[in-house]
Amino acid sequence: MIKAKLTTMKSNLGQADRGFWCGVIFFVLVLAGISYLGNQMYKHLMNTREMPLSALTLSGERQYSKDQEVQQVLAVLSDQESFFSLNVDQVKNLVEQIPWIAKASVRRQWPNGLQIHVVDQVPVGFWNDRSLLNVKGQVFTAQQVRINSELPRFYGSDEAAETVLAGYRALYPLLTSEGFTLNAITLSPRQSWQITINDDLNLVLGRVNTVIRNARVERFLKVYKHVINKSRLINYVDLRYDTGFAVNWKSQPGDKANNEQG
């Protein structure tokens, strides 16, 4: 009787072991199948032939950048990357390296497209004749031939770019209100200001803070029309005085002195 019970128990344990291992094998096979299918799906999604990038939509505030520039930058990626494998951050960085583009945002557009929104640089002036200055006071280099409007010229160290732009924004309304054109601003390494108005009239302002600089320009504008001899050509006007200014005239035949106090 006892032997029969032991035999029955061993039989049941054997069946349980077989059931357990069958379950384990089945579970492993299921995992392997899922892994295989997942791998095949991944290969399909990442395959440039199966999921190619074939459509590009460009939008945004664009006055200077060209479609061809963006297409050229992305040409290599379109052959190497699929719709899902493409790194949108990489695309963003590549597009923002185009000289005339200030900012870009990128997103995928199902099923095979890429949508890029671009904001162009907005130049406010030429910088040291070789670069440009944008509305944020940042120096950048781009094709100047694309600019079709008159812009002032700024000169100074790159570190002083924001200071020069702030000076321009302060002086521009003062001068234009009196009918003058602000053509150029120079800020020397010693922080000395000089501006050019009406193409060739130079005003030397010196090393001054913002308040004194603006006050000197305002003082000049108040008396310019009344004391300047318009029949003679001015070389420059020196405003580095507390209560007046000096005019340096361009040489003319018979001149003995070129300076006149005002």
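The values are calculated or read from the model by the stated rules, or taken from the named source; none is laboratory data. Note that the structure is predicted; figures quoted are calculated from it, not measured. Cβ: placed from backbone, ideal geometry, glycine included. Neighbour counts: every protein chain shown.
Residue count for segment 91-116, restricted to those that are part of a loop (DSSP other than H, G, I, E, B) and touching an Asp or Glu at 6+ places or on another chain (Cβ under 8 Å): 2. The combined condition, being at pLDDT below 95 and aliphatic (A, V, I, L, M), is fulfilled by Ile234.
Using the structure shown, decide if Val135 is surrounded by 17 or more Cβ atoms within 10 Å (Cβ to Cβ), at pLDDT 95 or above and not hydroxyl-bearing (Ser, Thr, Tyr). For Val135, the condition - surrounded by 17 or more Cβ atoms within 10 Å (Cβ to Cβ), at pLDDT 95 or above and not hydroxyl-bearing (Ser, Thr, Tyr) - is not met. Take the residues of segment 117-128 that are over 13 Å from the mean Cα position of the chain (by Cα) and in a strand (DSSP E or B): which is surrounded by the fewest Cβ atoms within 10 Å (Cβ to Cβ)? The qualifying residue surrounded by the fewest Cβ atoms within 10 Å (Cβ to Cβ) is His117.
Looking only at segment 209-232, filter to residues that are in contact (Cβ under 8 Å) with a residue 24 or more places away in the chain and aliphatic (A, V, I, L, M); which one of those is surrounded by the fewest Cβ atoms within 10 Å (Cβ to Cβ)? Step by step, filter segment 209-232, then rank; the result is Val223. Selection of first residues in segment 59-77 that are over 17 Å from Ala142 (Cα atoms) and at pLDDT 90 or above and of second residues that are of a type in the set (A, V, I, L, M) and crowded, with 16+ Cβ neighbours inside 10 Å, restricted to Cβ pairs under 6 Å at least 6 apart or on distinct chains, gives the following pairs, ordered by first then second residue: Gly60/Val118.
Checking the conditions here, which among Ser149, Ser131 is without any contact (Cβ under 8 Å) to a residue 12 or more places away in the chain and within 17 Å of the chain's Cα centre (by Cα)? So that I can check it myself, show each step before the final result.
Details: Ser149 fails: within 17 Å of the chain's Cα centre (by Cα).
Every option except Ser131 fails the conditions.
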